[in-house]
Amino acid sequence: MSVKKALLVIVAAVVALAANGASAVELAGYLRSGIGGNGKGGGQVCFQNKNVDYKFRLGNECETYAELEFQQSLYKDESGLEFKYVGMLAYVSNQAQDYESLRFDSNGTNNDIALRQNWIGVKGIPGLGGITVWGGKRYYHRNDVHIIDYYYWDPSGPGVGIEDIDLGFGKLAVAVFQNKVGDTRQMWRPDIRVYGIPVNPNGTLEVGVDLFIDSSSDSPQTPPAVPNPDRQKVSPWFTIQHVQKPFLGGLNKLALQFAMGSAAPGNQVPQFDNTSDSKQWRIVEMLQWQPVSVFSGMLVFTYQNNTKRFGTDDARSSNTTWGLGARPVYHFNDYLKLQAEVGFESLTPKNGNTDTRNLFKATLAPTLVAGGTFFSRPELRAFVTYANWNSAAQVDGSMGQGACATSGTSGSVYACDQNGVTFGAQIETWW
């Protein structure tokens, strides 16, 4: 189906829901967009250390991105039983010009549109104590760090489940998701978690395990779908997370994670055919503060130890990475604030060229905002960003400069310089 036809079908479905439902369609969403340039006279460049999972995002996002979420109550009775539909479209473009096609292959760009959510939930079932039963494709219990846009615990995808089962000492959620490659490879992903466990004043614990179960047949199949006979067929991903809220006017999260086998990437996309040699350890610490009305911010530290994460033993797959950064904010009033962000990313391969690749980035952004908190939106920011990186990062290909070590030149706008400046303006909002 073409993008145009798909959009027409989705719009028609939303109109039908609005006409037949018990209430109006609720619209939620997220968007960011802007303009920018670099100090060499070209377009905005985004700074990120190659093979690190995230980047510090303030003044460092080079695309337009939007999510539109539609919610509709399908049925509700006097007992409180309710069936509800949730759908979401996401859109991304590279901010090149007025008209940008949604086709992924348009002019060699990454413009795209995607269906991110499409599910139905049932809550208020009499006698079942407030649980929710759901099925379809959905965002599910996503945990992220906002200033690096990093979803470190996110099992989202097509699935079915039950959540908010009251255990007395916390709540239980059980779900099963799937990933598949054609009709020959299948990965089931049960997610079991207990959350809201009180462990100290204002502190709760969440523990969970995601199992990646490869049910693909070992029988010979047409390449490349032939399964690795040595693959780990049941791969665990364990998470334990402490949340302190409120804390310094905000909250603190500390997550410890271990994954192996097909779960070693540490996300919702399995690496089919990984063996038990594939492993990842991860630590995520995030503090969001606002102890007084004029001062807020966020601090993050991450550490990962990866071994054959994507099945190979190269710099992309076997490495240690860490990052440290903060975004302090001074609020002049409820409508004007000054943001700064500094971030450092480091990667050290375990094999081959083991030189440590480092990248530092700093941004200053005067901002118009609707509200006086760290997460108040919408925002309209002007920004200037400076970054520098070391020769090891350059040799590894960060900023497109991999040829500098051999030829003394590259196709990068920064040639073989190890620093750069960008500037621009951006809007961001959610509702």
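Out of the residues in region 304-324 that are hydroxyl-bearing (Ser, Thr, Tyr) and in contact with a strand residue (DSSP E or B) (Cβ under 7 Å, 6 or more places away or on another chain), which is farthest from Ser276 (Cα to Cα)?
Residue satisfying both the conditions and the ranking: Thr321.
The residues in region 57-70 that are in contact with an Asp or Glu (Cβ under 6 Å, 6 or more places away or on another chain) and either hydrophobic (A, V, I, L, M, F, W, C) or surrounded by fewer than 21 Cβ atoms within 10 Å (Cβ to Cβ) (or both) can be counted, and the count is 1. Just the residues that are closer than 20 Å to Lys137 by Cα, without any contact (Cβ under 8 Å) to a residue 24 or more places away in the chain and of a type in the set (D, E, K, R), please, taken from region 163-220. Correct list: Lys180, Asp183.
Listed by position, the strands (runs of 3 or more DSSP E) enclosed by region 91-183 include none that has at least 3 residues that are over 23 Å from the mean Cα position of the chain (by Cα) and exposed (fewer than 14 other Cβ atoms within 10 Å of the Cβ). Scanning region 184-194 for residues that are touching a Lys or Arg at 6+ places or on another chain (Cβ under 8 Å) and surrounded by fewer than 19 Cβ atoms within 10 Å (Cβ to Cβ) yields Gln186, Val194.
Checked against (1) over 21 Å from Ser156 (Cβ atoms); (2) part of a strand (DSSP E or B), Gln257 meets all criteria but (1). Can you find a residue that is at pLDDT 95 or above and of a type in the set (D, E, K, R) anywhere in region 94-102? No, there is no match, as no residue in region 94-102 is at pLDDT 95 or above and of a type in the set (D, E, K, R). Of the listed requirements (1) surrounded by 18 or more Cβ atoms within 10 Å (Cβ to Cβ); (2) free of Cβ contacts under 8 Å to residues at least 60 places away in the same chain; (3) of a type outside the set (D, E, K, R); (4) in contact with a Phe, Trp or Tyr (Cβ under 9 Å, 6 or more places away or on another chain), Met399 misses just one: (2).
Give the residue that is surrounded by the fewest Cβ atoms within 10 Å (Cβ to Cβ), with candidates limited to residues of region 279-301 that are under 30 Å from Asn228 (Cβ atoms) and touching a Gly at 6+ places or on another chain (Cβ under 9 Å). The qualifying residue surrounded by the fewest Cβ atoms within 10 Å (Cβ to Cβ) is Lys279. Of the residues Ala362, Ala425, Ala392, Ala382, the single one that is small (Gly, Ala, Ser), closer than 17 Å to Asn38 by Cα and free of Cβ contacts under 8 Å to residues at least 40 places away in the same chain is Ala362. With the structure loaded, tell me whether Phe247 is touching a residue at least 40 places away in the same chain (Cβ under 8 Å) and farther than 26 Å from Ser317 by Cβ or whether it fails that test. It is true that Phe247 is touching a residue at least 40 places away in the same chain (Cβ under 8 Å) and farther than 26 Å from Ser317 by Cβ.
Is it true that Arg231 is farther than 30 Å from Val329 by Cβ, crowded, with 20+ Cβ neighbours inside 10 Å and out of contact with any Asp or Glu (no Cβ under 7 Å at 6 or more places or on another chain)? So Arg231 does not fit the description; no. For region 65-73, state whether one or more residues are farther than 28 Å from Met298 by Cα, without any contact (Cβ under 8 Å) to a residue 40 or more places away in the chain and either in contact with a Phe, Trp or Tyr (Cβ under 7 Å, 6 or more places away or on another chain) or not in a strand (DSSP E or B) (or both). No, there is no match, as no residue in region 65-73 is farther than 28 Å from Met298 by Cα, without any contact (Cβ under 8 Å) to a residue 40 or more places away in the chain and either in contact with a Phe, Trp or Tyr (Cβ under 7 Å, 6 or more places away or on another chain) or not in a strand (DSSP E or B) (or both). Checked against the criterion of being farther than 22 Å from Gln241 by Cα, of a type in the set (Ser, Thr, Tyr) and modelled with pLDDT under 95, region 107-128 contains one or more residues that satisfy it.
Within region 177-202, the set of residues being under 23 Å from Trp119 (Cα atoms) and either out of contact with any Phe, Trp or Tyr (no Cβ under 9 Å at 6 or more places or on another chain) or of a type in the set (Lys, Arg) (or both) comprises Lys180, Gly182, Asp183, Gln186, Arg189, Ile192, Arg193, Tyr195. Out of all the residues in region 48-64, is one or more in a strand (DSSP E or B), touching a strand residue (DSSP E or B) at 6+ places or on another chain (Cβ under 6 Å), farther than 30 Å from Pro265 by Cα and touching a residue at least 24 places away in the same chain (Cβ under 8 Å)? So far as region 48-64 goes, no, none of its residues is in a strand (DSSP E or B), touching a strand residue (DSSP E or B) at 6+ places or on another chain (Cβ under 6 Å), farther than 30 Å from Pro265 by Cα and touching a residue at least 24 places away in the same chain (Cβ under 8 Å). The residue that is nearest to the chain's Cα centre (by Cα), counting only those in region 365-385 that are part of a strand (DSSP E or B) and crowded, with 17+ Cβ neighbours inside 10 Å, is Glu379. Of all residues in region 1-38, those satisfying the criterion of being surrounded by fewer than 17 Cβ atoms within 10 Å (Cβ to Cβ), closer than 30 Å to Gly411 by Cβ and either touching a Gly at 6+ places or on another chain (Cβ under 9 Å) or at pLDDT below 60 (or both) are Ile35, Gly37.
The values are calculated or read from the model by the stated rules, or taken from the named source; none is laboratory data. The structure presented is a predicted model; accordingly, all values stated were derived computationally and were not measured. Cβ: placed from backbone, ideal geometry, glycine included. Neighbour counts: every protein chain shown.
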